[in-house]
There are 2 protein chains.
Amino acid sequence: MSGFRSLISADDALKRLLAHVDLTPQPSIAMPLEETLGMVCADDIHSPVDVPPYDRSAVDGYAVIADETLGASPTNPIELKLAGSVKAGENPLSVKRIRRGFAVEVYTGAPLPEGADAVVMAEHAVKKDGAVEITKPVASLQNVSRRGEDFSKGELVIRRGTRIRPWHIGALASLNITRIRVYEPMRVAVLSTGDELIELGDAQTPGKVVNSSKPMLKALIREHGCEPIDLGTVGDDIDTIAERASQGLKKARMLLITGGTSVGSGDLVPEAVARLGKPGIIFHGVRIRPAKPTGAAIIDGKAVILLSGFPVSALIGFQLFAAPIIEKIYNSPSGLPRRVRGKLTRRVANPVETTSFIRVKVIEKDGEYLVEPLMLTGSGLLSTLTKANGILVVSEGVEGFDEGEEVEVELL
Amino acid sequence: MSGFRSLISADDALKRLLAHVDLTPQPSIAMPLEETLGMVCADDIHSPVDVPPYDRSAVDGYAVIADETLGASPTNPIELKLAGSVKAGENPLSVKRIRRGFAVEVYTGAPLPEGADAVVMAEHAVKKDGAVEITKPVASLQNVSRRGEDFSKGELVIRRGTRIRPWHIGALASLNITRIRVYEPMRVAVLSTGDELIELGDAQTPGKVVNSSKPMLKALIREHGCEPIDLGTVGDDIDTIAERASQGLKKARMLLITGGTSVGSGDLVPEAVARLGKPGIIFHGVRIRPAKPTGAAIIDGKAVILLSGFPVSALIGFQLFAAPIIEKIYNSPSGLPRRVRGKLTRRVANPVETTSFIRVKVIEKDGEYLVEPLMLTGSGLLSTLTKANGILVVSEGVEGFDEGEEVEVELL
């Protein structure tokens, strides 16, 4: 009953663990796209097509030849003859070419008639009998979503290791991708040790304590996208612990053992684990509080994490040592804080009386965050959600932010 | 094809919505505790017992009468006779009362013998034949977990409206609570409209676009702990839209309709929704960008959210108007950022060469965050996790933080 021989820092302990553990990716399985929420994508997915597949109108209005609208104003409107109307969903091949002096009424999402190169918003036009008066000029490509602007053919849409969120499902659906490969959930086994423990729901007798760490750890394993394997609770007996742990290592890729890790319990669990294989215990006793008696072993490349039987210490041991291994194996980018402050890389303007939601890419550089607003022309651009990792909200009444200004960003 | 008659701010729109929508809680069902991860607790749950049920040792060491250790030091140890040993799990009623001049060897979690009022850590004692030399004095109650210190009988453990996380499962398990009441997942229906749309997986023909907003919205609904009802995709026909929407309102508690909400589509969806009941449309057109054409109706107390057909706008409309209703109905506390900076309400010390994880309660007060470190004596205290909402990490090499100092806290 003496102290740990030597304690290791949490950082060094994790480094040692990651250096020894087998981080081979999980096997992957193909799943229907809509069932993959929260799973981790196992392939780099490239766009098989251009999205949109043709130039289309980003607004309701009038397709025009931009240079014909030059100088238009409410007092000096420019009249164009109306050559029909095109709705979203119409076959672009059936849409007639536009001639000079003409405009075509177009709805949001409608294919842009050949020859037209811009769309005047409905608000800036007055429809008359067979004609339309344009009251504001447009530049070439204004209010047009270009072919391939959201995703161009061959472009990387989702990287291997991405945890699938709703916008990833939206982006892949827009490409008509119905199935993707995801990693099979990693199995993580939990074994509890302790003569004093009873299982949740068992009749309680004096001196006995309900094993609350195991249900908590199983829930943590689920939250990390893994499948828990419950190895039950065993008494403080070295043979039983070794046998049950050995079974667990056959069924699972990682093993958590709670209890029996403090020096007072006679090193029961470390001794049992040492029997299982090589290299065995790689650290035991960490310079943290609580959770000092946390330890880890490697058996044939698999991590065995020795956690305190106390729930709070078990939680901290899990977060420090089990979670990073799970993340590495899934190749999933590590969690960023949900909200960061960073410097804008370029100016952002906000129209009066409007709240704008600007999709941005937050990059960490030299210890500070840079906030890069994504260029965008339409609210249909799913790529701004898969390329963006944050939203900058510019509230009503704020005219915008200057380049270099510090802004707060909500991360996706 | 003109602009919206009047636009409303996002804040006012949400206020109007929350003032009209029926926020009655969902029906509740009893579920096995271990299956409730991520669900919302429907009852205030009070502790049926004291945890721990008796005073117990928080460390491995020697139970003593504290005043007998006064003045002990390595050069001047105080010798006590050993009167046996108590392990965790032993029946407290079978543990003998301690007499003056005696110590009892105790393991972490062991019942404290009657008469003893403190525990000397093993590191501060030297075991000899039939006796133990104490080298450091202890104060009364030192290294003792008091009966009811984690949860006292009758104490509120989890509040109605709490979304169940792993530590809640741990806390309830420690009370041997095997089933709890949770809210039934709220059903949210999604109907997509648009002649140009095809369903995910359908053969694509020129001009047609895959409906990517619906799979994304269904995933968002799932992420918010609700059950999506897929009402399919219908063309731009007012009767079909009205009929399908009406079916949706029978099956679900909220209805999302995508597309047909911009003015150019002839107000198809608003007109269809107006047929369904009273009071009908409560706003249409919001001063935000993108997602300006977002609208909402109330039909018999149920919210119908009119979302743009464009995925990014649909996402923003969902987050602004559907998510807050779901949160209110579940009575779930609104999401805080994951990491905050706040002022410490009292001093926190850190032993040398140790990284400490301090459970704290973060409170928002007058626009700033206050960080209140929770008192704690043992790493077994689950209550520090259910009462705490954050962890303050004090790294190795940092001696601590002063009262009033600003610290960064990781929220749970």
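If the cut-off is a Cα-Cα distance under 20 Å, which aspartates and glutamates reach B:K136, setting aside same-chain residues fewer than 8 apart in sequence?
Filter leaves B:D60, B:D67, B:E68, B:E79, B:E105, B:D117, B:E123.
Say the cut-off is 25 Å between C-alpha atoms; which of A:K387/B:K292; A:K302/A:K365; A:K81/B:K292 go over it?
A:K302/A:K365; A:K81/B:K292
In a GNM of chain A with a 10 Å cut-off on Cα contacts, which of A:R97, A:R359, A:R181 has the highest mean-square fluctuation?
Answer for the Gaussian network model of chain A: A:R97.
Which order do B:I363, B:I325 fall in if you start with the one that has the fewest other Cβ atoms within 10 Å? All intermediate terms of the calculation are to be shown ahead of the outcome.
On the way: B:I363 13, B:I325 24.
So the ranking, lowest neighbour count to highest, is B:I363, B:I325.
Would you kindly work out, in nm and rounded to one decimal, the distances from the label point of A:R275 to those of the same position in each other copy, ordered shortest first, with label points 7 Å along Cα-to-Cβ?
7.5
At A:T205, with labels set 7 Å past Cα in the Cβ direction, how many nm apart are the copies from this one, shortest first?
7.5
Find every distance from the label point of B:D239 to the corresponding label point in the other copies (7 Å from Cα along Cα→Cβ) and write them in nm, one decimal, shortest first.
8.1
Which of these, B:F318, B:F151, B:F401, has the largest mean-square fluctuation under a Gaussian network model of chain B (Cα springs below 10 Å)?
B:F401
Beyond 40 Å, what share of the Cα-Cα pairs of the protein assembly as shown is found? Please give it as a whole percent.
So the portion of pairs separated by more than 40 Å is 46 percent.
Treating the angle as unsigned and between 0 and 90°, give the value, to the nearest 10°, between the Cα long axis of helix A:10-20 and the longest Cα principal axis of chain A.
Relative to chain A, helix A:10-20 is tipped by roughly 90 degrees.
Report, to two decimal places, the Cα Rg of the range A:56-145 normalised by 2.2 N^0.38 Å (N = number of residues).
Details: Rg = 11.4 Å, N = 90, 2.2 N^0.38 = 12.2 Å.
Scaled against compact globular proteins, the figure is 0.94.
Let me have the 222 nm mean residue ellipticity of chain A computed from DSSP H runs of 4+ only, each contributing -39500 (n - 2.57), with the sum over all residues rounded to the nearest 500.
Computed ellipticity for chain A at 222 nm equals -5000 deg cm²/dmol.
Cα-based Rg (one decimal) and Dmax (whole number) for chain A, in Å?
Rg then Dmax for chain A, in Å: 30.3, 98.
In a Gaussian network model over chain A where Cα atoms closer than 10 Å are linked, find which of A:N211, A:N331, A:N76 has the largest mean-square fluctuation.
Ranking A:N211, A:N331, A:N76 by mean-square fluctuation puts A:N76 first.
Would you mind computing Rg(Cα) / (2.2 N^0.38 Å) for the range A:166-282, counting N as its residues?
On the way: Rg = 18.7 Å, N = 117, 2.2 N^0.38 = 13.4 Å.
After normalising by residue count via 2.2 N^0.38 Å, the value is 1.39.
Tell me the angle of helix A:213-223 to the major Cα principal axis of chain A, expressed in degrees between 0 and 90 and rounded to the nearest ten.
So the helix axis and the longest Cα principal axis differ by about 30 degrees.
Distance in nm between label sites at B:E243 and B:V352, each 7 Å beyond Cα in the beta-carbon direction?
Placing both labels 7 Å beyond Cα along the Cβ direction yields 8.2 nm.
For chain A, what is the relative contact order in percent, using Cα pairs closer than 8 Å and at least 6 residues apart in sequence?
Value for chain A: 17 percent.
Please work out the C-alpha center-to-center distance from the range A:224-257 to the range A:44-69 and express it in whole Å.
Between the Cα centres of the range A:224-257 and the range A:44-69 lies a distance of 57 Å.
The numbers here are math on the coordinates, done by the rules we state, and not lab data. The structure presented is a predicted model; accordingly, all values stated were derived computationally and were not measured. As a convention, Cβ positions derive from the backbone with ideal geometry for all residues, glycine included, and neighbour counts pool all protein chains shown.
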